[in-house]
Amino acid sequence: MNVMTVDGYNAKIEYDPDIDMFRGEILGLTGGADFYGRTPNELKAEFRKSLTVFLEVCKEKGIEPRRNYSGKFNLRISPELHERLAIAAQAEGKSINTLAQEALAQRVAG
């Protein structure tokens, strides 16, 4: 995944061949904000502009700019995987939750 970070905000970057530009979408916001650029420097400058405008609008409207996360989510897996996770967790003296947290943290570590 191509991610660009500005001021603690992350954006997913993709190339749009129809317009021959890169498109960025700022992630984790309570609304949508995107931006375009042809070069990395232009893309980063447009990211800053788009983020600034988004934050100003949020401030004017009294809206929290970042989406809130509860720290909970449901995960559906096959019964076979559930069994393997339970056995692995028991063997390590951990809960399935702890084992899953470790695996997820390792996956998103940069």
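For the reader, a short list of remarks on this structure follows.
- Filter result for the condition that a residue is under 26 Å from ARG107 (Cβ atoms) and of a type in the set (Gly, Ala, Ser), over GLY62, GLY24, GLY31, GLY37: GLY24
- Some residue of region 34-44 being touching a Ser or Thr at 6+ places or on another chain (Cβ under 7 Å), closer than 18 Å to LYS12 by Cα and touching a residue at least 24 places away in the same chain (Cβ under 8 Å): yes
- Filtered residue count, region 3-17, keeping only those that are surrounded by 11 or more Cβ atoms within 10 Å (Cβ to Cβ), touching a residue at least 24 places away in the same chain (Cβ under 8 Å) and not hydrophobic (A, V, I, L, M, F, W, C): 1
- Residue selected from region 11-55 under the condition among the β-branched types (Val, Ile, Thr) and assigned to a loop (DSSP other than H, G, I, E, B), by the criterion farthest from ARG66 (Cα to Cα): ILE19
- In the condition set (1) within 15 Å of MET4 (Cβ to Cβ); (2) among the aromatic types (Phe, Trp, Tyr); (3) loosely packed, with under 13 Cβ neighbours inside 10 Å, PHE47 is compliant with all but (3).
This table checks each residue for (1) surrounded by 10 or more Cβ atoms within 10 Å (Cβ to Cβ); (2) touching a strand residue (DSSP E or B) at 6+ places or on another chain (Cβ under 9 Å); (3) among the polar types (S, T, N, Q).
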{"residue": "ILE19", "(1), (2), (3)": "yes, yes, no"}
{"residue": "ALA33", "(1), (2), (3)": "yes, yes, no"}
{"residue": "LYS59", "(1), (2), (3)": "yes, no, no"}
{"residue": "GLY71", "(1), (2), (3)": "no, no, no"}
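- Near pairs, Cβ below 9 angstrom, 6+ apart or cross-chain, from region 65-86 (under 18 Å from GLY31 (Cα atoms)) to any residue that is among the aromatic types (Phe, Trp, Tyr) and surrounded by 11 or more Cβ atoms within 10 Å (Cβ to Cβ): PRO65/TYR9; PRO65/PHE54; ARG66/TYR9
- Selection status of ALA100, hydrophobic (A, V, I, L, M, F, W, C), under 30 Å from THR30 (Cβ atoms), at pLDDT 95 or above and surrounded by 13 or more Cβ atoms within 10 Å (Cβ to Cβ): no
- The single condition from (1) outside any loop (DSSP other than H, G, I, E, B); (2) among the small types (Gly, Ala, Ser); (3) at pLDDT below 95 that GLY71 fails is (1).
The values are calculated or read from the model by the stated rules, or taken from the named source; none is laboratory data. As the structure is a prediction and not an experimental result, all values here were calculated from the model. When we count neighbours, we look across all protein chains shown, and the Cβ atoms used for this are built from the backbone with ideal geometry, even at glycine.
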